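Scroll down for the structure; my scribbles are underneath it.
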Amino acid sequence: MSIRHRRCRADDAWRIRAFLRDTFLADGGRSRAWHVARFEYTWWHVLPNVAETRLEDVAWVWEDGGQVVGLLLPDGAPGDAHLSLAPGARGLLEAAMLDVAEAELAARDADGRARIVVWADASAAGLAELLGERGYRRSDVRERRWRGPIGPGRGDVALPAGYSIRALGDGLELLERCYASGLAFHDGDLAVAAANREDASWYRRVQRAPLYRRDLDLVAVDEHGAIAGFATAWFDDVTRSALLEPVGVVPAHQRRGLGRALVSAALDRAAHQGATTALVGGYDDASNALYGAFLDAHDDHEAWVTTW
């Protein structure tokens, strides 16, 4: 191997997509590296809309003979780091990637100390050992990356009375979708929801992502037409897999089975398009119980923390 690393360029995104697809297939559909749709969601939404930064400012690629074999980037602003490696590069590049992460992606705590969180596949014993040697501690935070086979009609769930599920519309409904996102992910905070709706350009940016499809961007609406929940499936026809991101229910409509109905509908639509595998990440007991009802396997990714 003759491996070099460098800061990502804007035009690397297409090569990164190919690398992540190849890695997903080589891993047999396991979530050891990022799925291509998760990369797109970060590229088109999390970085510009949430972290207000660019891919080329926070990502690094490792290449062997011009082929991407490793990717390092945060899931947003600096402060955390995710390592995606080709199978043949695992066990060889982690130390170098951590060197770059600590030098380039650390954030500052209120007391001025540098801090970084590195996410590690729980099955990667070598990386865990390396992190421990470098003074990292394993936190209680973990992402459970659910995966499993899907097919049309698999796991159909009845809708609660008074609701319907359909693809997201446009115009005023797009504004309401922005509003519902603020409510669902910020405990019903009206101020955040209103700010989300004030300028819908952030959602327009999501809709320009290469894998985005309006027919797989679903909303649950109540009998008055108000958006009560949402689930977006990102279908990649190269790997015949679909990633769910995001899934949310407005607090006033929770505990009625809408989350289950939305996940079921999103998986069913993706399967009808040709997806044979689905993936989704859960960070808490409620979401993991929901996703585990549909998908039968998972890979855990643990958050390791160090400060200096």
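The values are calculated or read from the model by the stated rules, or taken from the named source; none is laboratory data. This is a predicted model, so every value here is computed, not measured. Quick reminder, even Gly has a Cβ in these numbers, built from the backbone with ideal geometry, and neighbours come from all protein chains shown.
Just for helices (runs of 4 or more DSSP H) wholly inside the stretch 169-260: which have at least 2 residues that are outside the structural domain of Arg17 (by TED's automatic domain parsing), under 26 Å from His272 (Cα atoms) and in contact with a strand residue (DSSP E or B) (Cβ under 8 Å, 6 or more places away or on another chain)?
So the answer is 172-185.
Which condition number does Ala95 fail, the rest of (1) under 26 Å from His35 (Cα atoms); (2) surrounded by 18 or more Cβ atoms within 10 Å (Cβ to Cβ) being met?
If we test Ala95 against (1) under 26 Å from His35 (Cα atoms); (2) surrounded by 18 or more Cβ atoms within 10 Å (Cβ to Cβ), just (2) comes out false.
Applying the selection to the stretch 270-301, what residues are under 19 Å from the mean Cα position of the chain (by Cα) and farther than 23 Å from Asp27 by Cα?
Within the stretch 270-301, Asp284, Asp285, Ala286, Ser287, Ala289, Leu290 meet the criteria.
Within the stretch 119-143, how many residues are more than 22 Å from Leu71 (Cβ to Cβ) and part of a strand (DSSP E or B)?
Number of matching residues: 4.
Quick one: which of Ala194, Ala228 is modelled with pLDDT of 95 or more, surrounded by 22 or more Cβ atoms within 10 Å (Cβ to Cβ) and over 17 Å from Gly153 (Cα atoms)?
So the residue among Ala194, Ala228 that is modelled with pLDDT of 95 or more, surrounded by 22 or more Cβ atoms within 10 Å (Cβ to Cβ) and over 17 Å from Gly153 (Cα atoms) is Ala228.
Looking at the stretch 37-83, which of the residues that are polar (S, T, N, Q) and closer than 20 Å to Leu211 by Cα is surrounded by the fewest Cβ atoms within 10 Å (Cβ to Cβ)?
Top of the filtered list is Asn49.
Look at the stretch 277-296 and say how many of its residues are surrounded by fewer than 15 Cβ atoms within 10 Å (Cβ to Cβ) and either in contact with a strand residue (DSSP E or B) (Cβ under 7 Å, 6 or more places away or on another chain) or among the hydroxyl-bearing types (Ser, Thr, Tyr) (or both).
2
Can you pull out the residues in the stretch 216-244 that are more than 17 Å from the chain's Cα centre (by Cα), closer than 15 Å to Ile165 by Cβ and not aliphatic (A, V, I, L, M)?
Asp222, Glu223, Gly225, Gly229
Only one of (1) without any contact (Cβ under 8 Å) to a residue 60 or more places away in the chain; (2) surrounded by fewer than 17 Cβ atoms within 10 Å (Cβ to Cβ); (3) among the acidic types (Asp, Glu); (4) touching a Ser or Thr at 6+ places or on another chain (Cβ under 9 Å) fails for Asp111. Which number is that?
Failing condition for Asp111: (4).
Would you be able to say whether some residue in the stretch 225-234 is within 19 Å of Arg21 (Cβ to Cβ) and not aliphatic (A, V, I, L, M)?
Yes, there is a match, as at least one residue in the stretch 225-234 is within 19 Å of Arg21 (Cβ to Cβ) and not aliphatic (A, V, I, L, M).
Condition first: within 19 Å of Val250 (Cα to Cα) and among the charged types (D, E, K, R). Now tell me which residues in the stretch 262-284 satisfy that.
Asp284
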